[in-house]
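Step one of this worksheet: look at the structure below.
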Amino acid sequence: MSEILTQLGDQLSHWHWWSFAILLIILEIFSPAAFFLWLGIAAAVTGLITLIAPEMHGAIQVVIFSIFSVVAVWLGRTWFQHNPIETDQPFLNQSNEEFIGKVYVVEQAISNGSGRIKVGDSSWKAAGEEAAKGDKVRVVSVGATVLTVVRIGE
């Protein structure tokens, strides 16, 4: 096993790292999250370092790639947390979240904390304070199939 690692360490060049970087960036195209991009950047930087210092052993190159990978993923994640992507459809994969803050009419009286409200063409289970049929309620949170509401005064 150590012979294989020794041979591999002697054979790694900047072209291997740059090819690996391209492969990772291609994988990024098919992945749903920005993850392989940062690994691809780390591989490209490792290739650049290997170009500058071609005598560097492969094991050291792998350690450098590992360090740059962790740093690149951390920097990328931090950047996206501070610079979120703005979209015209903020609830695209969270469609129930669009109900929060909207006002609906009670369809079946809310008693003992449970009832139904009219939402468009459908009826949703509602949880919250007591409300009579016809009262207006505002959605304050959304569960899987239950809208938590508060009654609003007339």
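The values are calculated or read from the model by the stated rules, or taken from the named source; none is laboratory data. Since the structure is predicted, the reported quantities are computational estimates derived from the model, not experimental observations. So basically every Cβ, Gly included, is an ideal-geometry build from the backbone, and we count neighbours across all protein chains shown.
Quick notes on this structure:
- Among all residues of the stretch 24-45, there is none that is within 30 Å of E3 (Cα to Cα), free of Cβ contacts under 8 Å to residues at least 12 places away in the same chain, among the aliphatic types (A, V, I, L, M) and exposed (fewer than 15 other Cβ atoms within 10 Å of the Cβ).
- Qualifying position, being at pLDDT 90 or above and either under 24 Å from the mean Cα position of the chain (by Cα) or not acidic (D, E) (or both), among V146, V137, V119, V142: V137
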